[in-house]
Amino acid sequence: MDNIFNVKVYGTKADGVTLDTEAVQKAVDACNEAGGGKVFFPKGMYVLSTVFLKSNVHIELEEGTLILGALDFYAYAQQEKIDYPAYQDASHTYFDLSMFVGRNCDNISITGKGKIDMRSVWDEDGVRGTAIRHRGPKCISLRECNNVLISDLDINNVTDLAIYFAGCENVDIHGIKMCVYIDGISPDNSKNVKIYDCDVESGDDGIVFKSS
């Protein structure tokens, strides 16, 4: 992969305190505009809220990298307005309130032997409504994406679905270790999905198949 976009070049502080979302989004956008490549996180501690993925962008975390979820619930993209009936499981209806969001993306990945700690952030004010009251941000949520790879990550302390994808095709998830509050890995109405060699400890379903 020739195009490598180091997030530190785009202004991340990687100090475990500064919110690095804007700099990471710049790296993702630049990678997409260049036709694709790798967005690389060198070893460090990055604080993120919501990053929107783009086609042909491959996120890679160097071993020893720690990504921390923003502690402010309102720093994340908030729940989007919908023009369709809510799904049976209300939480599955929404995507934007997440750390990594992909919509209509092709050829994307999040890989590397790094860790993601969402830090147990809840919707303390209950703004999401009664059906999903108090659930916080998802970690990874994808809608109508094709050719997806998620591998070798350690994901912890997610207060909504950890990895959720709906209407996706050709998805490979492996080598994931997680300890989360709600569901672990949730494929929804998706095709050609492989999930293997994962260690999932969850407060609800470990791996749950849906057809919303």
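No lab work stands behind these numbers, since they all come straight from the coordinates. Since the structure is predicted, the reported quantities are computational estimates derived from the model, not experimental observations. Glycine gets a Cβ as well: all are built from the backbone with ideal geometry, and neighbour counts include every protein chain shown.
If each of Glu169 and Lys113 carries a label point 7 Å out from its Cα toward its Cβ, how far apart are those two points in nm? Taking the simple label geometry, Glu169 and Lys113 are separated by 3.5 nm.
In the structure shown, do any of Lys138/Lys210; Lys8/Lys38; Lys54/Lys115; Lys13/Lys43; Lys43/Lys191 have a Cα-Cα gap over 23 Å, and if so which?
Details: Lys138/Lys210 17 Å; Lys8/Lys38 13 Å; Lys54/Lys115 21 Å; Lys13/Lys43 11 Å; Lys43/Lys191 34 Å.
Violating the 23 Å limit, Cα to Cα: Lys43/Lys191.
Tell me, in nm to one decimal, what length is gained between Asp2 and Glu33 on full extension, where the rule is 0.36 nm per residue of separation less the Cα-Cα distance?
Working: separation 31, 0.36 × 31 = 11.16 nm, distance 1.42 nm.
Contour length minus Cα-Cα distance gives 9.7 nm.
Evaluate the distance, in nm, between pseudo-label points positioned 7 Å from the Cα of Asn104 and of Ala90 along their respective Cα→Cβ axes. If labels sit at Asn104 and Ala90, their model points lie 2.9 nm apart.
For region 33-109, GluC sites (Glu not before Pro) meeting the loop criterion (DSSP other than H, G, I, E, B) and having at most 14 other Cβ atoms within 10 Å: Glu62, Glu63, Glu80.
Helical content of the chain, expressed as a calculated mean residue ellipticity at 222 nm, amounts to -2000 deg cm²/dmol (DSSP H runs of 4 or more residues, -39,500 (n - 2.57) each, divided by residue number, nearest 500).
Any chance you could run the full-extension gain for Glu144 through Cys179? It's 0.36 nm times the residue separation minus the Cα-Cα distance, nm to one decimal.
On the way: separation 35, 0.36 × 35 = 12.60 nm, distance 2.61 nm.
In short, 10.0 nm is gained.
Under 5 Å between amide hydrogens, built in the peptide plane, is the criterion, and for Tyr87 it picks out Thr93 among residues at least 5 positions away or on other chains. Measuring nothing but how far apart in sequence close Cα pairs (under 8 Å, 6+ apart) lie, relative to its length, the chain scores a relative contact order of 14 percent. Taking amide H as placed 1.01 Å from N in the peptide plane, Ala70 has its amide H under 5 Å from the amide H of Leu48, Ser49, each at least 5 places away in sequence or on another chain.
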